[in-house]
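Data first, discussion second: the structure below is written as structure tokens.
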Amino acid sequence: MKFRTTVILIGLYAFLLTACGDSSSSRRKVKAEVPTMDFHSIKLPMEYTSEALGGFCHPTSTQIDGMDCMLMYNALIHAVEIIDLTHMKPFRQIKLKEEGRERIGDVRGVFYHQGNFILRTSFGFYRIDGEGNLLAKWAGDEYLKANHSLKGFSIMIPELTMYFNLYNFTSYDERNDRMTLSIYKQEKENGGYPKKILVVDCKSCEVVDVVNVACPERMKREAQLGILGSVNSLPYGDSVIYNFPASAEVFVYNRKDRTTQCYTLGSDFAEPYYQCQGAGDEGLASGYYFPLRYDVLRHCFWRVQQKPMAKGQGIAGKAFSIVRISPDFQVTDEYLIPKDKGLLPYLLFTEKQLMLNRPYDSDDGESVLCFYGVAFTPVTTS
């Protein structure tokens, strides 16, 4: 499909040859609707605690031994929990080492790849087997120190660390066993934060690419739009897909020809840019664009967005919408999730449905894990 090109930001994107497509003429969009959702619940034994859906590690989904499974990190007992979503029951737990050379801490993401588990932490990743034994690890801070061209860069997000540690998802390319990690360099002289994305091969424990991030022009103009400072990235084959929390724009970087395409994915629910109310905690009430997630079972992307709120923080129990995006970024369908469902905006992909979490409920003294399942027709391309 032929794109109508919008303004070329020559000064900003020349080094990337970046072009932004105008979604109004090149993209077919289906009007937002509230989907039909089926309720599911799983009673859990006592060792499966509410800590598994708390903290900084969000649940993910995969297929293990032919079953749709949910992976969670239980911070209270320092273990990976596996929930069988095909039969709706607990499957197993993997206790993680807490001491010694194989100690693993501060887990922010859990993924599965060919019998092994990939654990993302604040400063790198670990690969473990099904018994919790350490197979390999990669430390991001050590890599940065060893590379002179990356002097001054850090994994920590300047001045916004706590906020984005809470909201940030970790993305993983299960087909290619790759992970991305955003790094930042604080430059107070001009108020800007240069950003790059490291693409890491989790098998070889090597950085296979360093991507220069193209920032929206609005971020340069509005100092209070600091929420754009964080970068959420998704490795996808030969591409790196990234977005900013306060912007509807999605950037697709082609690792082969070193170019970047920019797409503005419209929404009936959310504004193209969220407005920050001010510095500090006030800025947290301005809504959020979640990173894109790839659904290998339906071969499409998904993204969650929440509206700006007059006051208050947090993502649990708030209204949000889910946008389904075709692989060529030309077709989008949007679904509205009302706040009365009390759902968390964590997407789990199963063979039959898209599953949404609800926090643990306690009705008769037992822990109960609740889900709403949504069935979708296959996405099409124009």
Are any of the pairs Lys196/Lys256; Lys151/Lys195; Lys137/Lys203; Lys195/Lys318; Lys97/Lys145; Lys89/Lys203 more than 19 Å apart by Cα-Cα distance, and if so, which? Lys195/Lys318; Lys97/Lys145; Lys89/Lys203
Calculate the FRET efficiency for Phe39 and Lys137 from the Cβ-Cβ distance with a Förster distance of 56 Å, rounded to the nearest 0.05. 0.90
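Quick note: the coordinates plus some simple rules give every number you see, no bench work behind them. Computed from a predicted structure; not experimentally measured. Here Cβ is always computed from backbone atoms with ideal geometry, including for glycine, and neighbour counts include all displayed protein chains.
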